[in-house]
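These notes are about the structure you will find just below.
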Amino acid sequence: MSSIRSDQQTPKSSSDPVFVPVTGSGRSTDHLKVVPECRCLRDRIREAVDQLADGLDRTRPMVRHEIENLARQILIELDLSEGYTGWTMVAIGSAFWRDQVAGIPHDRRLLLLPRCMRDTAVCPAEMTVDGLQCVDCGACSLTTLKSEAESLGYRVMIAEGSPAVMKIILGGHVDAVLGVSCLDVLERTLDKILLAGIPCMAEPLLSGGCEETEADEDRIRELFRTPYRKAEVHTRSYVHLMRCAARLFESSELAELLPSRRSESSLGPMTDERLDALDPIECTEAIAYDFLARGGKHSRPFITLAAYDALSGDRCTGPDGGRQVDQIPAVVRRMALAIESFHKASLVHDDIEDDDAFRYDSPTLHRRHGMATAINVGDFLVGVGYRLVSSSSTDMPAETTADLLSLFSSAHTRLCEGQGAELIWRDARKKRLEPIDALKIYALKTAPAFQAALLAGLRLAGPVDELTESADRFSRHLGIAYQILNDLDDWNDPRDGVMAGKKTCADDLLSGRPTILWALALQSLDSSDADRLLATVESDEPPKKRIADALALYQKADVFTKAEQLVARHAARAIEAADAIGNQPLAHLMHFLVDAILDRRPLAINEG
Ligand code: SF4
């Protein structure tokens, strides 16, 4: 394997292709997920992977496109089908992390087993949010694998990609993950775990499908029997900063950073009973604090914390990161909270403007408490954001406070302008839209929040004059790419046509939102097809028919491919901006954000 050089793993530059997931476009990766048929073939690939792994730079996590490139090269060198690419990628990921996993004691490791190994016809176990609750009936081998791993000290879940997995990781309960699953699930769920720098090894199942799948149980045992020994190299990891961002919303930290002005009862889940028991003057704060603490991916507060750390010694991503995050000053954590408070305020108002029914699996605030109360709570959250800044003014220089106020107010007004442009277009009779106008709206609507989160963290670490231009450019392209991916997600999987049961399918089209897909279609279609597309907006046809008509025209105009190309272009420009930054830890963070934020595969951390 000498011709496969580990320098191919170095951070990507602007000339590297940026990997963009394609499942929303109708292109499938199924042909790359073939499991090598016999053990001798699997061992042959593993041997090549192990040789390669010896030369990899383990000081930072590998990203998906790097692993894919290496897998493809191994298969070319072994003269094997590209169909084994997915399987080989998992083998590379596991070999990369083996030493780090070994450095985590068994009782700090999580083993994820697949529920599809059981026979559903006889299995009496219940499925809960924490996975399958095996009652050890003995009808399948899950019970023995589970008890063997537990006897070594493992925490075991029969859950694969359950949202509970990320909660356990971010809650700080485990420091390494070992997963057994089919290649589909591994592609969807383990990517982000790997990306965050959480040591992770996986063993793909031998067959796919959702029932009575086959597994190489000897390999699974080998996996969880990986002995504990001191790791030789520390791989850079954002997991401690992610945990720090998640902790901001726990009651104890909220009480410290954002003490209630009304009563202690402002913290805690907002049940009907609790609401009834409150004095009306306490209600606004209590509803707002509850919404602030609820759901969401906390990516913006994470960006603020990580940007501050990148310019303050880059300590929290190192081997002592767990202790170093405790040293992040309260004023930095308060600004991260302010960023989230502004974001949550915009969500409350956005839900009203779009009349969305659900947010974080619960009714939206205006559906639950009424329109007027929800508007008021949104306004209150804006006030909370500014209060967090003003209450920190004694903990930072006056110039920093002034810069942050200017940053937040500018982000706030630009976001309103972008949202306003979208609403005015939505309610207008004229539905023509040029792609450039859609992108301008995206730059205003989505980019300011990323920019404010990033620049706030940088400004708290010191003056940022020479970084501002690159950070602005980075945020603009990241925001635009993120919004285009949201547009693509709205159509989910066009191969299936109109997706029954997917409540959000083509919601943008039905609610008349201006999207890049719409603009690209109008740009490409001839005038009669463009008129047919325009007619879908005011048509009296049932939604299913309108969606099907628009989908056919979108496909005719090839807008899904064009939108993906735009995502790749803006992601590449964000990377260019990152590479223009002289500071290495900050450039690493920006690369990480491009990979993490522009990855559409679902995981609990990304639900909001
Ligand atoms: S051993 Fe557990 S998972 Fe397997 S069939 Fe019995 S209850 Fe279900």
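What would the Debye formula give as log10 I(q)/I(0) at q = 0.10, 0.13, 0.22 Å⁻¹ for the alpha-carbon point model of the range 220-358, no solvent?
One equal scatterer on each Cα of the range 220-358 leads to -0.47, -0.69, -1.30.
Which of the helices in the chain meet the span-like rule: DSSP H, Cα axial reach of 27 Å or more, Kyte-Doolittle mean at least -1.0?
330-354, 371-390, 398-427, 465-490, 559-579
Rounded to the nearest 20 debye, what is the charge dipole size of the chain about its Cα centre when +1 sits on each Lys and Arg Cβ and -1 on each Asp and Glu Cβ?
About 540 debye.
Would you please put 177-183, 573-579 in order of how densely packed they are, using the mean number of other Cβ atoms within 10 angstrom per residue and starting with the highest?
Taking the mean over residues of other Cβ atoms within 10 Å, the ranking is 177-183, 573-579.
For the pair residue 127 and residue 353, what calculated FRET efficiency results from E = 1/(1 + (r/R0)^6), where r is the Cβ-Cβ distance and R0 = 41 Å, to the nearest 0.05?
Computed FRET efficiency for residue 353 and residue 127: 0.65.
Can you sort 65, 570 from fewest to most other Cβ atoms within 10 Å of each residue's own Cβ?
Ascending number of Cβ neighbours within 10 Å: 65, 570.
Among 101, 567, which comes first, then next, by fewest other beta-carbon atoms within 10 Å?
101, 567
Can you work out D for the range 33-164 in µm² s⁻¹ from Stokes-Einstein, where Rh is the Kirkwood radius over C-alpha pairs, the temperature is 25 °C and the viscosity is 0.890 mPa s?
145
With 10 angstrom as the radius, rank 534, 70 by how many other C-beta atoms surround their C-beta, starting from the fewest.
534, 70
Based on the Kirkwood radius over alpha-carbon pairs, what value in µm²/s does the Stokes-Einstein equation return for the translational diffusion coefficient of the range 396-608 at 37 °C and 0.692 mPa s?
176
About the Cα centre, and with charges only on the beta carbon of Lys, Arg (+1) and Asp, Glu (-1), how big is the dipole of the range 295-366? Nearest 20 debye, please.
Here the size comes out at about 480 debye.
Just grab the label-to-label distance for residue 391 and residue 539, each label 7 Å out from Cα along the Cβ direction, in nm (one decimal).
5.3
Put a dot 7 Å past each Cα toward the Cβ at residue 78 and residue 327; how far apart are the dots in nm?
Modelled inter-label distance: 4.5 nm.
How big is the chain on each of its three principal axes, counting only the C-alpha atoms and giving the largest first in Å?
In descending order, the Cα extents are 64, 63, 54 Å.
So, R0 is 41 Å and r is the distance between the beta-carbons of residue 555 and residue 360; what FRET efficiency does that work out to, to 0.05?
For residue 555 and residue 360, the calculated efficiency is 0.80.
Would you calculate a helix-derived [θ] at 222 nm for the chain, using -39,500 (n - 2.57) for each DSSP H run of n ≥ 4 and dividing by the full residue count, to the nearest 500?
Mean residue ellipticity at 222 nm (helix-derived): -17500 deg cm²/dmol.
Once you order the gyration tensor axes a ≥ b ≥ c over the Cα atoms, which shape class does the range 353-467 get: rounded for a/c under 1.5, otherwise prolate or oblate by comparing a/b with b/c?
oblate
Only the coordinates and a few stated rules stand behind these numbers; no lab work does. What you are looking at is a predicted structure, and each value in this text was computed from that prediction instead of being measured. All Cβ positions, glycine included, derive from the backbone under ideal geometry; neighbour counts span all protein chains shown.
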